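The values are calculated or read from the model by the stated rules, or taken from the named source; none is laboratory data. Predicted model, so just to flag it, every value in this text is computed and none were measured. Because the Cβ atoms are built from the backbone with ideal geometry, glycine has one as well, and the counts that use them run over all protein chains shown. Accessible surface areas use protein heavy atoms only, side chains included; no ligands, DNA or RNA. Shrake-Rupley method; radii C 1.70, N 1.55, O 1.52, S 1.80 Å.
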Amino acid sequence: ADESSGYESESAERAGAGGSRGRQRRARTAFTSEQVSRLEKTFQRQKYLGATERRKLAAALQLSEIQIKTWFQNRRMKLKRQI
């Protein structure tokens with residue numbers, strides 16, 4: 001399941017350093033410039049994605065639906081801070 005999420009688990013040493021017992025932290029996803037460009041272009045057209053659009057975009061960009069959902073949430077918060 002971890003392989004399809006697009007995240008890479010951090011090493012066990014770092015996971016224990018944060019004080020979270022039994023749970024490993026995930027490394028940040030490094031989006032490619034092409035992925036970011038496509039995400040930004042989609043965001044300009046619509047700020048919220050439905051399940052179907054999210055699924056299609058995830059497949060096209062080879063990302064998980066959760067990564068798409070999280071990117072859009074973070075992008076909306078960035079827009080809110082800018083305003």
Close pairs from region 66-83: first within 16 Å of residue 50 (Cβ to Cβ), partner assigned to a helix (DSSP H, G or I) and open to solvent by 50 Å² or more (accessible area, probe 1.4 Å), Cβ under 7 Å, at least 6 apart: 68/54; 69/54
Of all residues making up region 47-78, the number that are of a type in the set (A, V, I, L, M) and more than 19 Å from residue 31 (Cα to Cα): 1
Positions within region 60-83 being loosely packed, with under 13 Cβ neighbours inside 10 Å and within 12 Å of residue 38 (Cβ to Cβ), in sequence order: 60, 62
Selected residue (criterion: nearest to residue 63 (Cα to Cα)) from residues of region 12-29 that are at pLDDT 55 or above, open to solvent by less than 90 Å² (accessible area, probe 1.4 Å) and under 20 Å from the mean Cα position of the chain (by Cα): 29
